[in-house]
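First comes the structure, then the notes that go with it.
The values are calculated or read from the model by the stated rules, or taken from the named source; none is laboratory data. Not measured: the values here are computed from a predicted model. Positions of Cβ are generated from backbone atoms using ideal geometry, with glycine treated the same way; all protein chains shown enter the neighbour counts. These area figures cover heavy atoms from the full protein model, side chains too; ligands, DNA and RNA do not enter into them. Shrake-Rupley method; radii C 1.70, N 1.55, O 1.52, S 1.80 Å.
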Amino acid sequence: MNPTTTPSPSPTDTEPVWRPALVLFVLLSLVTGLLYPFFVTGVAQTVFPHQANGSLIERQGQAVGSELIGQPFAQAGHFWGRPSATGPMAYNASASSGSNLGPNHPALAEAVKARLDALRAADPGNTAPVPVDLVTASASGLDPHISLAGARYQVARVARSRGLAPGQVNALVEQHTETSLFGFLGEPRVNVLALNLALDAQRP
């Protein structure tokens, strides 16, 4: 009995394999690389134009920041945001990260102590407990919000520095407090940039 041999495929035998693969590649490239992005972008620009363009905050036609990214504030007359551990500067959106320090790391304890000392020095008469978000950085390093407790802790200092009544400053805090999403997701929070801009528009 003669052994059987498998005939070698001719060049035309491979045509049914590469042709549909090439057609599928081109089709998917058009759908996922052009049509879908254009569709999603068009829907976003139509339905959510503010969010699609970075949730920018503008004053007098100029963008001064984003609702989604924090900024450093150090003046006594401004509310201070949550500390940022991004490098090489704070709130660096191109290098979002945390400190990656464990709770028992000496460097973390030193950083928290330095932030506590800065808060106490800026408002020596304030003996209230310091909210934790004012002395610890987040995982992203870009938090634009502080807790409602973090904002209320700073009211007296800001009011005194600006010559405003504490009740006037506290009213601004309440006006800029964002509630939980759907009433149960997250905690009430205050956008620091929006609050400081509102403060800058006040008169003693």
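From the set of residues in the stretch 74-94 that are free of Cβ contacts under 8 Å to residues at least 40 places away in the same chain and within 18 Å of the chain's Cα centre (by Cα), which is nearest to A118 (Cα to Cα)?
M89
Among the listed residues L134, L195, L101, which satisfies the condition of being touching a helix residue (DSSP H, G or I) at 6+ places or on another chain (Cβ under 7 Å), under 23 Å from E58 (Cα atoms) and either open to solvent by less than 50 Å² (accessible area, probe 1.4 Å) or free of Cβ contacts under 8 Å to residues at least 24 places away in the same chain (or both)?
Every option except L195 fails the conditions.
Condition first: closer than 27 Å to L197 by Cα and among the aliphatic types (A, V, I, L, M). Now tell me which residues in the stretch 81-109 satisfy that.
A85, M89, A90, A93, A95
So which of A159, A201, A171, A165 ends up being within 28 Å of Q60 (Cα to Cα) and either aromatic (F, W, Y) or open to solvent by less than 30 Å² (accessible area, probe 1.4 Å) (or both)?
On the way: A201 fails: either aromatic (F, W, Y) or open to solvent by less than 30 Å² (accessible area, probe 1.4 Å) (or both); A171 fails: either aromatic (F, W, Y) or open to solvent by less than 30 Å² (accessible area, probe 1.4 Å) (or both); A165 fails: either aromatic (F, W, Y) or open to solvent by less than 30 Å² (accessible area, probe 1.4 Å) (or both).
Being within 28 Å of Q60 (Cα to Cα) and either aromatic (F, W, Y) or open to solvent by less than 30 Å² (accessible area, probe 1.4 Å) (or both) holds for just one of A159, A201, A171, A165, which is A159.
Show the residue pairs that are 6+ apart or on different chains and have beta-carbon atoms under 7 Å apart, the first residue being within the stretch 47-66 and in a helix (DSSP H, G or I), the second being of a type in the set (S, T, N, Q) and open to solvent by 60 Å² or more (accessible area, probe 1.4 Å).
Here the result reads A52/Q45, each pair linking the stretch 47-66 to a residue that is of a type in the set (S, T, N, Q) and open to solvent by 60 Å² or more (accessible area, probe 1.4 Å).
Checking A139 against (1) closer than 17 Å to A76 by Cβ; (2) open to solvent by 70 Å² or more (accessible area, probe 1.4 Å); (3) touching a residue at least 40 places away in the same chain (Cβ under 8 Å), which test does it fail?
For A139, the exception is condition (1).
Out of P129, P106, P83, I need the residue that is closer than 24 Å to S161 by Cβ, open to solvent by 60 Å² or more (accessible area, probe 1.4 Å) and not polar (S, T, N, Q). Which one?
Details: P106 fails: closer than 24 Å to S161 by Cβ; P83 fails: open to solvent by 60 Å² or more (accessible area, probe 1.4 Å).
Only one candidate passes the filter, namely P129.
Criterion first (in a loop (DSSP other than H, G, I, E, B), under 29 Å from A156 (Cα atoms) and either open to solvent by less than 80 Å² (accessible area, probe 1.4 Å) or out of contact with any Ser or Thr (no Cβ under 7 Å at 6 or more places or on another chain) (or both)) does P88 satisfy it?
No; evaluated as a whole, the condition is false for this residue.
Can you find even one residue in the stretch 114-125 that is touching an Asp or Glu at 6+ places or on another chain (Cβ under 7 Å) and over 23 Å from P72 (Cβ atoms)?
no
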